[in-house]
Number of protein chains: 2
Amino acid sequence: MWVPVPTRDRILDATGQLFRRHGYTGTGLKQVVAAAHAPFGSLYHHFPGGKEQLGGEVIRASGRMYLELFEMVMDASPDPVAGIEAFFEGAAATLEETDYADACPIATVALEVASTSEALREATAEVFDSWIAAGTRRFTAAGLNEACSRQLTIEMFTGLEGAFILSRATRSTEAVLLAGARAVASAREAGAGGSDVR
Amino acid sequence: MWVPVPTRDRILDATGQLFRRHGYTGTGLKQVVAAAHAPFGSLYHHFPGGKEQLGGEVIRASGRMYLELFEMVMDASPDPVAGIEAFFEGAAATLEETDYADACPIATVALEVASTSEALREATAEVFDSWIAAGTRRFTAAGLNEACSRQLTIEMFTGLEGAFILSRATRSTEAVLLAGARAVASAREAGAGGSDVR
DNA sequence: GCTCTTCTAGGTAGATCGCTCTAGCAGGCT
DNA sequence: AGCCTGCTAGAGCGATCTACCTAGAAGAGC
């Protein structure tokens, strides 16, 4: 049986998928409506601002979904260090399963629009800020001070994003796993881990 | 007085500049010949393989140039740790000077082509491998063992690449500076630094 | 039943895409 | 000179891009 997903949501989902693989400029609106099984007119009905509005909403929606994934993995782990470990391992597994296609949902777009569209650049900045805020919250809750938590979070996400680039290019999870080990070691050193010394 | 730079080199340079800011799909060939002050016919004379051949050569040329920059900075520093510090500081300075446009010369393209063009993906992989090999060489020369050197190098470049994404999106050098501090600390800890303890 | 709003449906415009084509120019060779 | 090669020069091809347009279907409220 078929559940009727609203056209607007189908467009958002399809665009998100296409953005990961082909980026912003590489994704055509024809391609979007084809993937979403939606008529072309509906696109401009739901997103009168055109491609830029669609892009902005997709960036924020994808960012929110990835944030929820992060929170879920962290919630399911006994302590922040174990959570980070699981998060990186999950990322590596996803990379392999999707033939190195699904990594960060907004990284490609973020680099593309950073110097071409101020509105979209702001959307990506907001997403990254929300991730950093969420990570910082986790570490402060584990007893670290604000500055240290923020620093640790930024190091973690920069490591992850950079590792995604190298891993997708070289088709190897080595970089992601190393970045994960690095983040785990830094977090444990800072005192965010369980009391056991490995 | 005008120095006659060969058309082929002008095209390569102009394409490299455009790739940094607009990415692969975002850069049109008309735009390239306009920026290079070259006629359209010359482009297909020098690059009969079209956009993909041009892209491949630009990726490799840009990667080689960035590698040379890395070697230069490292050569100018008393030890690898100081070199890393200078490299990250230089990257942060360049970001600010270019209004957060010039970061990694191939990162945007690497993410764009990772799942769309096998030939170009291989070119980006070769570039990253060359950087990793160069960094590994530096650390082994400083006395570290092979595995440790490679790990340190990958952590450094993943940190740099990821920090570039966050920094360009948020228009702040915070991520790059943090990633630099992280790389410096890791290298010093591993024993690649000068003998002084900061 | 009737109207009004919301959404679907797709045709069409105008610009731009990557690419191919032919013509012409400059300089070294025999 | 005559020829040949390497390169410049740009018009123009079919395809695709984003964006806009009008027409009709679906459903709520009166």
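Of the listed requirements (1) more than 16 Å from the chain's Cα centre (by Cα); (2) within 14 Å of DNA strand D (Cβ to nearest atom); (3) free of Cβ contacts under 8 Å to residues at least 24 places away in the same chain, A:V5 misses just one: (2). Note on the range B:13-34: residues that are within 12 Å of DNA strand C (Cβ to nearest atom) and away from chain A (no Cβ under 13 Å) total 6.
Annotation note: Cβ proximity below 6 Å between a residue of the range A:36-50 that is within 19 Å of A:F19 (Cβ to Cβ) and more than 14 Å from chain B (Cβ to nearest Cβ) and a residue that is part of a helix (DSSP H, G or I) and more than 10 Å from DNA strand C (Cβ to nearest atom) (sequence gap 6+ or interchain) occurs for A:A36/A:A14; A:F47/A:Q53; A:F47/A:L54.
Here is a list: B:L144, B:L178, B:L152. Which entry is part of a loop (DSSP other than H, G, I, E, B) and either open to solvent by 10 Å² or more (accessible area, probe 1.4 Å) or away from chain A (no Cβ under 13 Å) (or both)? One residue alone meets the criteria, B:L144. If you go through the range A:57-77, how many residues are in contact (Cβ under 8 Å) with a residue 60 or more places away in the chain and open to solvent by 60 Å² or more (accessible area, probe 1.4 Å)? Going through the range A:57-77 one residue at a time, the tally reaches 2.
In the range A:95-137, which residue that is outside any helix (DSSP H, G or I) and more than 10 Å from chain B (Cβ to nearest Cβ) is surrounded by the fewest Cβ atoms within 10 Å (Cβ to Cβ)? Among residues in the range A:95-137 that are outside any helix (DSSP H, G or I) and more than 10 Å from chain B (Cβ to nearest Cβ), the one surrounded by the fewest Cβ atoms within 10 Å (Cβ to Cβ) is A:S117.
Have a look at A:L54, A:L12 and point out the one that is part of a helix (DSSP H, G or I), in contact (Cβ under 8 Å) with a residue 12 or more places away in the chain and within 9 Å of DNA strand D (Cβ to nearest atom). Answer to the check: A:L54.
Here is a yes/no grid of residues against (1) of a type in the set (V, I, T); (2) within 30 Å of A:T170 (Cα to Cα); (3) at pLDDT 95 or above:
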| position | (1), (2), (3) |
| --- | --- |
| A:Y100 | no, yes, yes |
| A:P105 | no, yes, yes |
| A:V109 | yes, yes, yes |
| A:L120 | no, yes, yes |
| A:T124 | yes, yes, yes |
| A:F128 | no, yes, yes |
| A:A142 | no, no, no |
| A:Q151 | no, yes, yes |
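The values are calculated or read from the model by the stated rules, or taken from the named source; none is laboratory data. For clarity, every value in this text was computed on a predicted model and none was experimentally measured. When we count neighbours, we look across all protein chains shown, and the Cβ atoms used for this are built from the backbone with ideal geometry, even at glycine. With ligands, DNA and RNA removed, areas are computed over all heavy atoms of the protein, side chains included. Shrake-Rupley method; radii C 1.70, N 1.55, O 1.52, S 1.80 Å.
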